[in-house]
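Report on the following structure.
The values are calculated or read from the model by the stated rules, or taken from the named source; none is laboratory data. Keep in mind that this is a model prediction, so the values were computed, not measured. In this analysis, Cβ positions are derived from the backbone assuming ideal geometry, glycine residues included, and neighbour counts consider all displayed protein chains.
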């Protein structure tokens with residue numbers, strides 16, 4: 001097998017660890033623990049170790065395989081499956097994960113059976129849908145009935161708490177009012193089961209802004225944070241939230257230039273759809289110098305989510321395996337970009353998920369401390 005050099009994901013473990021410490025420190029000041037979500041770095045054990053060192057109380061992923069890798073690597077923190085389990089996966093979920101997020105009674109019963117068969121107690125967070133319309137019980141009555149079922153009829157399960165998710169499907173903002181609604185539902189569940197819940201999980205990175213602006217209600221005591229640690233880009237770019245000195249380069253992409261040539265900027269000939277069946281819009285800017293990279297959409301998803309570190313470089317688009325750049329401005333500024341050169345790009349969270357999980361993208365670790 002040939003040695004893979006480029007393209008490669010550069011994983012700065014020192015910057016990642018510092019990001020974790022900043023987030024967990026801010027949350028701890030408000031009595032909130034952080035479940036570090038590691039799916040954005042493909043659950044790589046060396047990255048997950050920085051979440052441990054940085055002060056997370058548990059680790060979560062939507063992929064059972066990633067949790068299994070962490071278990072095999074000796075990660076000591078509790079591991080949680082944060083995508084609601086498939087009924088067919090109940091046995092494996094209990095084998096691999098200490099806990100899971102749930103919103104279906106049949107799945108809860110299957111987890112209970114699997115846990116009792118394996119001689120384990122599996123922790124569960126019951127998810128409540130506060131309007132984002134992804135997973136979750138709809139309404140406090142349905143939520144409370146599920147809590148009572150787990151408490152009374154599922155000895156293999158432990159009802160650790162309740163949680164919610166906002167902003168991932170329905171674009172619903174994680175406002176203070178939504179967090180207060182979650183806390184109110186937690187109190188109703190506690191009254192029904194006759195004991196306090198250990199965890200009220202207020203959501204993901206989208207809810208972290210309530211920590212940053214100091215409006216998170218006292219009853220929320222956990223957040224599940226991935227993007228806000230790994231990339232620190234969504235809250236500043238999409239919501240104008242100041243995240244302070246967070247590093248935005250914990251994960252970057254390096255790719256090799258395989259062609260440099262002056263070409264027209266507008267396609268020549270009858271225009272139809274691209275290789276993915278989409279109709280593209282092109283801007284005619286005359287003859288300019290283009291560069292082609294040996295990396296494409298199958299490696300990172302959307303070329304609009306790549307941000308060149310070199311000034312004067314513009315991403316034009318991509319096919320499956322090639323990325324096209326306009327480098328004319330860079331050349332006009334006196335830079336040299338030639339075949340064989342390596343260019344670096346900062347990423348969105350979505351692009352990082354693709355890059356770190358692609359078998360054709362290598363991993364290069366950096367740690368300055």
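What are the pairs, 6+ residues apart or on separate chains, where a residue within the stretch 31-57 that is touching a residue at least 40 places away in the same chain (Cβ under 8 Å) and in the same structural domain as residue 163 (by TED's automatic domain parsing) has its Cβ under 6 Å from a residue that is buried (at least 22 other Cβ atoms within 10 Å of the Cβ) and in a loop (DSSP other than H, G, I, E, B)?
34/56; 36/56; 37/226; 40/226
Residue by residue, here is whether (1) closer than 30 Å to residue 200 by Cβ; (2) in the same structural domain as residue 362 (by TED's automatic domain parsing); (3) modelled with pLDDT of 95 or more holds:
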| residue | (1), (2), (3) |
| --- | --- |
| 233 | yes, no, no |
| 244 | yes, no, no |
| 265 | no, yes, no |
| 275 | no, yes, no |
| 298 | no, yes, yes |
| 311 | no, yes, yes |
| 326 | no, yes, yes |
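Of 55, 25, which residue is surrounded by fewer than 20 Cβ atoms within 10 Å (Cβ to Cβ) and assigned to a loop (DSSP other than H, G, I, E, B)?
Checking each option against the conditions leaves just 55.
Using the structure shown, decide if residue 269 is at pLDDT below 95 and within 30 Å of residue 206 (Cβ to Cβ).
Values: at pLDDT below 95: yes; within 30 Å of residue 206 (Cβ to Cβ): no.
Answer is no for this residue.
Based on what the data block shows, is residue 299 under 28 Å from the mean Cα position of the chain (by Cα) and in a loop (DSSP other than H, G, I, E, B)?
Numbers: under 28 Å from the mean Cα position of the chain (by Cα): yes; in a loop (DSSP other than H, G, I, E, B): no.
Criteria not met by residue 299.
Considering only the stretch 189-225, state which residues are within 13 Å of residue 161 (Cβ to Cβ), out of contact with any strand residue (DSSP E or B) (no Cβ under 8 Å at 6 or more places or on another chain) and buried (at least 16 other Cβ atoms within 10 Å of the Cβ).
Scanning the stretch 189-225 gives a single hit, 190.
Being out of contact with any strand residue (DSSP E or B) (no Cβ under 7 Å at 6 or more places or on another chain), assigned by TED's automatic domain parsing to the domain that holds residue 217, over 23 Å from residue 113 (Cβ atoms) and in contact (Cβ under 8 Å) with a residue 40 or more places away in the chain is the requirement here; does residue 176 meet it?
Working: out of contact with any strand residue (DSSP E or B) (no Cβ under 7 Å at 6 or more places or on another chain): yes; assigned by TED's automatic domain parsing to the domain that holds residue 217: yes; over 23 Å from residue 113 (Cβ atoms): yes; in contact (Cβ under 8 Å) with a residue 40 or more places away in the chain: yes.
Yes, satisfied.
What's the total number of residues in the stretch 58-98 that are within 21 Å of residue 362 (Cα to Cα) and free of Cβ contacts under 8 Å to residues at least 24 places away in the same chain?
Qualifying residue count, the stretch 58-98: 1.
Given the conditions (1) modelled with pLDDT under 95; (2) in contact with a strand residue (DSSP E or B) (Cβ under 9 Å, 6 or more places away or on another chain); (3) surrounded by 11 or more Cβ atoms within 10 Å (Cβ to Cβ), which single one is not true for residue 286?
(3)
Do we have residue 352 as assigned to a helix (DSSP H, G or I) and either in contact with a helix residue (DSSP H, G or I) (Cβ under 7 Å, 6 or more places away or on another chain) or closer than 27 Å to residue 234 by Cα (or both) here? Working first, answer last.
Working: assigned to a helix (DSSP H, G or I): yes; either in contact with a helix residue (DSSP H, G or I) (Cβ under 7 Å, 6 or more places away or on another chain) or closer than 27 Å to residue 234 by Cα (or both): yes.
So residue 352 fits the description; yes.
Quick one: which strands (runs of 3 or more DSSP E) sit completely within the stretch 183-279 and have at least 2 residues that are out of contact with any helix residue (DSSP H, G or I) (no Cβ under 7 Å at 6 or more places or on another chain) and over 28 Å from residue 350 (Cα atoms)? Working first, answer last.
Values: elements: 199-201, 222-225, 251-264.
In the stretch 183-279, 251-264 are the strands (runs of 3 or more DSSP E) which contain 2 or more residues that are out of contact with any helix residue (DSSP H, G or I) (no Cβ under 7 Å at 6 or more places or on another chain) and over 28 Å from residue 350 (Cα atoms).
What are the residue pairs meeting all of these: first residue in the stretch 155-173, first residue touching a residue at least 60 places away in the same chain (Cβ under 8 Å) and at negative phi, second residue crowded, with 24+ Cβ neighbours inside 10 Å and in a loop (DSSP other than H, G, I, E, B), Cβ atoms under 8 Å, and 6 or more apart or on different chains?
163/202; 163/203
Which one of these does residue 330 not meet: (1) crowded, with 20+ Cβ neighbours inside 10 Å; (2) in a helix (DSSP H, G or I); (3) within 25 Å of the chain's Cα centre (by Cα)?
All conditions are met except number (3).
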